[in-house]
Amino acid sequence: MLLEYFGFRLLPFSKEITAAHLFPAAQHQELLARLQYAVRHRAFALLTGDPGAGKSVAIRALYELLDRTRHHFVYIADSRLTPTAFYRDVLTQLGVTAPYHFLSRETRRLFEQTILDGYRLHGQQPVIVLDEAHLLPGPMLQEVRFLLNFHLDSACPMTFVLVGQSELRGLLRLRTFEAIAQRVQVRFHLGPLTEPESIAYILHHLRLAGADRPLFSEQALQKIAAESRGFPRLINSLCTSCLLDACARDQRLIDEANVDRVLLELQDLQAAKGGSPW
């Protein structure tokens, strides 16, 4: 519907955008550079940020930039992850099946041997991303210490990236997890876009979609930037809803009234659910 009505080549504000076409916000570019550094130097990296700041987009961009002949990309996001399940999941994604009767220590040894053999025999350097780390149970976070001890071996070619929401930083400050925090080699906290960046982000995505004329008034752009607080996921949601609202009303230009209607609908929806609109 939006493609035909606004003459887009592709749907704007979607997750399908490639790494090459991401909006080049300064901090996003720095984050991607740090992640690439972590891969080159087989480092342990920590990425934190509030929901909707763009952590997943950055990880997807890193995946797209990896040399597949050298790097297996392993992604795990499970808030109830156990050490045994972690090793089995990594091994499965690397094409190795751990016998079901293996206990945690045996599965760990198979994991370590697989990583080392892959490097020595085939030059493979896996990139392992553990997402939603702020929700991980204590035993799994403690197991990260083994991964980091393994990481101290100069022969270990593994890159390990721990990703989570902002509270993960506070969690790693606890004495219990001090050994993990001390071994972080690359760290980055991803914050929201500034207001000018938010507006530039919207215009960037519209241009990518093929918009050849202004579709949002200046007031609408400013309101979306303010109400989204600079979080790309919220910007995407608001802009898409505004486009749909304008389409339903046969409008060619989205104004402040469209934004107000969308915000009111979101507030009513969340009030019914008993939560915040964001």
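Read-outs throughout are calculated quantities, based only on the coordinates presented, and are distinct from any laboratory measurement. Keep in mind the model is a prediction, meaning the values are calculated, not measured. Virtual Cβ from ideal backbone geometry, glycine too; neighbours counted across all protein chains shown.
Hydrodynamic estimate: the Kirkwood radius of the range 19-122 over Cα pairs, inserted into Stokes-Einstein at 10 °C and 1.306 mPa s, corresponds to D of 101 µm²/s. Taking label positions 7 Å along the Cα-Cβ direction at both GLU30 and ALA77, the computed distance is 2.5 nm, reported to one decimal.
Working from the Cα coordinates of the range 26-190, the gyration tensor eigenvalues give, after taking √(5λ), semi-axes of 23, 19, 14 Å in decreasing order.
What does the extension gain come out to for ALA226 and LEU244, with contour length at 0.36 nm per residue minus their alpha carbon separation? List each step's numbers first, then the result.
Numbers: separation 18, 0.36 × 18 = 6.48 nm, distance 2.02 nm.
Between ALA226 and LEU244, full extension yields an extra 4.5 nm.
Computed over neighbours whose Cβ is under 12 Å from that of HIS71, the net charge equals +2, Lys and Arg +1, Asp and Glu -1.
Dipole orientation for the chain: of the candidates GLY49, ALA209, SER228, GLY49 has the Cα lying most toward the positive pole (charges on Cβ; Lys, Arg +1; Asp, Glu -1).
Mind checking the range 1-104 for GluC sites (Glu not before Pro) that DSSP puts in a loop (not H, G, I, E or B) and that have at most 15 other Cβ atoms within 10 Å? Mind showing how you got there, number by number?
Values: sites: GLU4, GLU16, GLU30, GLU64; in loops: GLU16.
The qualifying sites are GLU16.
Give me the angle, in degrees from 0 to 90, between the Cα long axis of helix 138-151 and the longest principal axis of the Cα atoms of the chain, rounded to the nearest 10. Around 70 degrees separate the two axes.
Sorting TYR37, TYR87 from the fewest to the most surrounding beta carbons within 10 angstrom yields TYR37, TYR87.
Reported to the nearest whole Å, the Cα centre-to-centre distance from the range 31-74 to the range 217-257 is 30.
How many times 2.2 N^0.38 Å is the alpha carbon radius of gyration of the chain? Can you show the working numbers first?
Working: Rg = 21.8 Å, N = 278, 2.2 N^0.38 = 18.7 Å.
The value comes to 1.17.
Would you mind checking the tilt of helix 256-273 against the longest principal axis of the Cα atoms of the chain, expressed as 0 to 90 degrees and rounded to 10? Result, in degrees: 50.
Once you charge only the Cβ atoms, +1 for Lys and Arg and -1 for Asp and Glu, what is the size of the charge dipole of the chain about its Cα centre, to the nearest 20 debye? It would help to have the intermediate numbers written out before the result.
Details: 30 positive and 29 negative charges, 208 e Å.
Around 1000 debye, computed over the chain.
Stretched out straight at 0.36 nm per residue, the stretch from TYR100 to THR176 would grow longer than its current Cα-Cα span by 24.3 nm. With a Förster radius of 30 Å applied to the beta-carbon distance between GLN185 and GLU16, the computed FRET efficiency rounds to 0.40.
A Förster distance of 30 Å, applied to the separation of the beta-carbon atoms of GLN219 and MET1, puts the FRET efficiency at 0.75.
Extension gain, LEU203-ASP260: 0.36 nm per intervening residue step, less the Cα-Cα distance, totals 18.6 nm.
Each of ILE128, LEU141, LEU116 was scored by the projection of its Cα onto the charge dipole of the range 108-149, and the greatest displacement toward the positive side belongs to LEU116; charges sit on the C-beta of Lys, Arg, Asp and Glu. Remark: the range 73-183 carries a charge dipole of roughly 240 debye about the Cα centre, counting +1 on each Lys and Arg Cβ and -1 on each Asp and Glu Cβ.
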